[in-house]
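Chemist: I'd like to ask you about the structure that follows.
What follows is calculated from the coordinates using simple rules that are stated; it is not laboratory data. All values derive from a computational prediction rather than experimental measurement. Cβ atoms come from the backbone with ideal geometry, glycine included; neighbour counts cover every protein chain shown.
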Amino acid sequence: MPYSDALYSPYRKLTIISPEHSSNQASPETLTLALLGWVLGDGNRADRLLSLTGLTPDILRERLDDPGVLVAILEFLLAHEPDLVKAADDLHIEPDDIVSAHESLTRR
């Protein structure tokens, strides 16, 4: 079973709060969670995230408050410009907002 199937089951619910207005109002953590929701919305992209980062569905469920996990999610997007640009466009933010969130989380 692909990882994405394990993440999304018809019996589980996941709510991601997306910044609607300005990313300046969203904390780096909130922005990263919105981006994770975006990544997980596509099965192939979700599988690629898990494969390239070493994250697992259990880690994502249990450690979303861990800055290291959040940084891994952001670095996944920063390493692939097409996803970075598409995520920013879909979430109505600028790619630089994602870069800023990464910088903020890595300084902690």
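Chemist: Amide H neighbours of Arg63 under 5 Å, at least 5 residues apart or on other chains, H built in the peptide plane: list them.
Modeler: none
Chemist: Using +1 at the C-beta of Lys and Arg and -1 at the C-beta of Asp and Glu, which of His102, Pro28, Leu70 has the Cα lying farthest in the positive direction of the dipole of the stretch 28-106?
Modeler: Final value for the positive-end residue is Leu70.
Chemist: Quick one: what does P(r) look like for the stretch 28-106 with 5 Å bins over all Cα pairs, in whole %?
Modeler: 3, 16, 33, 27, 17, 4
Chemist: Moving on. Per 0.36 nm of contour for each residue apart, how much would the distance between Leu64 and Thr106 grow if the chain were fully extended, relative to their Cα-Cα spacing? Intermediate results must be reported in sequence, preceding the final value.
Modeler: On the way: separation 42, 0.36 × 42 = 15.12 nm, distance 1.51 nm.
So the chain would gain 13.6 nm between Leu64 and Thr106.
Chemist: Something else about it: How much length is gained on full extension from Glu94 to Glu29, taking 0.36 nm per residue of separation minus their Cα-Cα distance? Don't skip to the end; give the middle numbers.
Modeler: On the way: separation 65, 0.36 × 65 = 23.40 nm, distance 1.61 nm.
Gain in length upon complete extension: 21.8 nm.
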